[in-house]
1. What distance in nm separates the simple spin-label points at A:Gln58 and B:Asn150, each placed 7 Å from Cα in the Cβ direction?
2. Around A:Thr152, with a cut-off of 11 angstrom between Cβ atoms, what is the net charge of the other residues, counting Lys and Arg +1 and Asp and Glu -1?
3. With charges only on Cβ, +1 for K and R and -1 for D and E, what is the dipole size of the protein assembly as shown about its Cα centre, in debye, rounded to 20?
4. Identify all lysines with a Cα-Cα distance to B:Lys194 below 19 Å; exclude those on the same chain that are fewer than 8 residues away in sequence.
5. List the residues, sorted by chain then number, that are 5 or more residues from A:Ile6 or on another chain and whose placed amide H is less than 5 Å from its amide H.
6. For B:Thr203, enumerate residues with amide H under 5 Å from its amide H, sequence gap 5+ or separate chain, H modeled in the peptide plane.
7. Counting Lys and Arg as +1 and Asp and Glu as -1, what is the net charge of the other residues whose Cβ lies under 13 Å from the Cβ of A:Gly44?
8. Among A:Gln48, B:Ile121, A:Gln112, flag the residue with its Cα farthest along the positive direction of the charge dipole of the protein assembly as shown, charges on Cβ as +1 for Lys/Arg and -1 for Asp/Glu.
Amino acid sequence: MSKILIIAEHDGKKLSPASARCVTCAAQIAGGEITLAVFAADPGPIAQQAARLTGVAQVITITDARHAQSLAAVLAPQVVQLAASYTHIFGASTTFGKDLMPRVAALLGVPQISDAMSVESPTRFKRPIYAGNAIITVEVAANRKVVATVRTASFEAALDGGAATISAVSADAPAPTHTRYVSLSAAASDRPDLQSAPRVVSGGRALASKENFQLIYSLADKLNAAVGASRAAVDAGYASNELQVGQTGKIIAPELYVAVGISGAIQHLTGIKDARTIVAINKDAEAPIFEVADFGLVGDLFQILPALEAALG
Amino acid sequence: MQKIIVGIKRVVDYNVRVRVKPDGSGVALDGVKMSVNPFDEIALEEALRIKERGEATEIIAVSIGPDDAQQQLRTALAMGADRAILVKTDQAIEPLTAAHALLAIIKTEQPDLVIVGKQAIDDDAAQTGPMLAALWGRPQATFCSKLTINGTVATIVREVDAGLETIEVDLPAVISADLRLNEPRYVKLPDIMKAKKKQLDVTDLATLGVSIDDGLKTVHTEAPKARAKGILVKDVAELVDALKKKGLVS
């Protein structure tokens, strides 16, 4: 039987929706039993959220002041200490998971699967390569542990409705002191979270300035949407780095994605191809974004955006 | 600080749109333009700037790949690396094996810093940096967008999902370079000529005592499902109508 350990992702208070998507991926492993591990200084509230996710059999908490911040160098030896009784160890393919899971895999001496997008069998998974321009099926050797990051855009979040047991366990592997957390500068925002929002409005280079980028925020407010940006817009300083959507930014799967003034380089498209509906607004009718858009509108965004806002009432 | 090792991977050029072979055995690479992985160029540029500030004395570019990867190492030498090492292998390897090969080089070279790209744009795995740090028992700083070195301590700003995280690590350490760390320089013709005379050593996995880990095998390659082509709407009113019909706006 497969025993799957998912390393919960959180901000110290709340469980990340990315972890709920990992649960859905793990639940597709036939006959698997899912355990969520919450490493935190105060895991209580996070564990309770995790325990409610449908499909989770048990939640284990590891309380340790060292886990107030998530440092891969500190966490990885603890995960390895717990790993012995599991066949699979999953984390979300977020910057947290991509930092931690390869370190875990290397300490366990096993290869890692990045961005698992479908479960073909307990040892066989599909994943994208070349910015999603090819999909490979990979097979883990029978006697090896399966360590993977889960491409969250490929799986819906597990819903509440479960009642998993919560138990405290200890993981006391020596943790190095060679890596130290200093600070996090996060743009305080009460907007929907880009990674999990059902609607996203993104702006590109054509916005032409940070001031003009406010048009994107304004439309997003109207739609109760999260804000995203193309690499070009981030590089030009119109939007901050955590808003970047694409191969090297966030991979998202909203119900509605509105791309404004984004030409649609393949590196951007790979970040949005799982969106349910894509709307593109661009003045260049030949822009590649129109190849993937469900609804395309060719024209000047500076005229279209105010009109669109007005039409949305 | 004395030495910096930079990882250089030979990959299909950024501008090439790869095609999957009809028999599902992989992607078609014959006659395709190959380049240095763009994130590795950023890694090398950062090393060069550290050396130019007088904070390092030697930069060694290391690649693991086929004999042709010497071309990418020559590019690295032209950009300014002092010497290069190719770990030759004709077999595709997973990042775990790459990390073991780099570790073997590290044991000989004893660098103070290793900088790699945060991911290669072919397999998009983003594993080699953190795996190497784990095997080496040293710090990792992934997704680095700013690097400051102060004696034996490095301060790194990391691009994380929540924003920008700052961490501090003791050297030696492994850094993985993100997009906005710097903008790599262009190679000038005289530098290409000079690079031809720089030292490029070729070794292989067996010589380094590294065996290929075959715990993860690619069994099939396919093209992604294409999105159905949509429609062009003529104006805002038509767009709003279409979105209302789908229940996406009220």
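1. Roughly 4.5 nm, to one decimal.
2. On the way: positive: A:Arg21, A:Arg151, A:Lys250; negative: A:Glu9, A:Asp115, A:Glu156, A:Asp274, B:Asp161.
Net charge around A:Thr152: -2.
3. Numbers: 58 positive and 62 negative charges, 66 e Å.
It works out to roughly 320 debye.
4. Correct list for B:Lys194: B:Lys51.
5. A:Thr35, A:Leu36, A:Ala37, A:Phe90
6. Sorted by chain and number, the residues that satisfy this are B:Leu86, B:Val87, B:Lys88.
7. Details: positive: A:Lys13, A:Lys14; negative: A:Asp42.
With Lys, Arg at +1 and Asp, Glu at -1, the net is +1.
8. So the residue furthest toward the plus end is B:Ile121.
The values are calculated or read from the model by the stated rules, or taken from the named source; none is laboratory data. Remember, predicted model here, so these are calculated numbers, not experimental data. Cβ: placed from backbone, ideal geometry, glycine included. Neighbour counts: every protein chain shown. To get the accessible areas, we keep the full protein, side chains included, count just its heavy atoms, and leave off ligands, DNA and RNA. Shrake-Rupley method; radii C 1.70, N 1.55, O 1.52, S 1.80 Å.
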